[in-house]
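J.: Let me begin by handing over the structure; questions about it come next.
The values are calculated or read from the model by the stated rules, or taken from the named source; none is laboratory data. Only a predicted model underlies this, so the values are computations on that prediction, with no experimental measurement involved. Neighbour counts are summed over all protein chains in view; Cβ atoms, including those assigned to glycine, are modelled from backbone coordinates with ideal geometry.
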Amino acid sequence: MAKFDKIISSTVEKLYADERLRSNLVDAEASSILGWGASWIETQITGARDEKAAQQIAQSELARVRAAIGALNALAKNPGAPCLGDAVAALDASLKGGKPFTRDETWQLLLALTSAAWKLRAKK
């Protein structure tokens, strides 16, 4: 049993219980997006130094993941496939953490996005 399993489990349950995060998503989309959120939260909590830090991380990361998934859910309200530019704009606030990206960060994000897109298209 992992050190912070109860904290992880409780936090992930809160994520999945929030209906507002998936109201505009089809089941497959919600499953994928919430799965990403749960994985992110688990990874962040697992790195905590002690239980108090794990609780603080759980709270802050749940808020951050909720904001990001909420932005995606709002984007899903529009019919059809979302435009990539609109999707990035919808996530902009949750990605920034309250401060603008530097030039270097922007290039790093664009390169990571390009690599991910190429890998995704190569699977088809």
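J.: Give me the pairs: first residue in the range 1-24 and within 27 Å of A76 (Cβ to Cβ), second residue basic (K, R) and part of a helix (DSSP H, G or I), beta-carbon distance under 9 Å, and six or more apart or on different chains, which are they?
T.: Listed by first residue and then by second, the contacts come to K14/R66; L15/R66; D18/R66; R20/R66; L21/R66.
J.: Here is a further query. Farther than 19 Å from E29 by Cα, modelled with pLDDT of 85 or more and β-branched (V, I, T): which single residue out of T114, T102 fits that description?
T.: So the residue among T114, T102 that is farther than 19 Å from E29 by Cα, modelled with pLDDT of 85 or more and β-branched (V, I, T) is T114.
J.: Please verify whether A54 is at pLDDT 90 or above and either within 18 Å of S32 (Cβ to Cβ) or assigned to a helix (DSSP H, G or I) (or both), treating the condition exactly as stated.
T.: Considered against the rule, which asks whether it is at pLDDT 90 or above and either within 18 Å of S32 (Cβ to Cβ) or assigned to a helix (DSSP H, G or I) (or both), A54 comes out as yes.
J.: Identify, please: which residue in the range 34-47 is surrounded by 14 or more Cβ atoms within 10 Å (Cβ to Cβ) and free of Cβ contacts under 8 Å to residues at least 40 places away in the same chain and is, among those, nearest to A74 (Cα to Cα)?
T.: In this case the residue turns out to be L34.
J.: Is it fair to say K99 is in a loop (DSSP other than H, G, I, E, B), exposed (fewer than 13 other Cβ atoms within 10 Å of the Cβ) and either out of contact with any Gly (no Cβ under 6 Å at 6 or more places or on another chain) or not hydroxyl-bearing (S, T, Y) (or both)?
T.: In short, yes.
J.: What do you reckon, is V12 outside any loop (DSSP other than H, G, I, E, B) and within 27 Å of A117 (Cβ to Cβ)?
T.: No; evaluated as a whole, the condition is false for this residue.
J.: How many residues are part of a helix (DSSP H, G or I) and over 27 Å from E51 (Cβ atoms) when one looks only at the range 15-28?
T.: 4
J.: Which of the residues spanning the range 48-63 are surrounded by fewer than 18 Cβ atoms within 10 Å (Cβ to Cβ), touching a residue at least 40 places away in the same chain (Cβ under 8 Å) and among the acidic types (D, E)?
T.: Residue satisfying the conditions is E51 alone.
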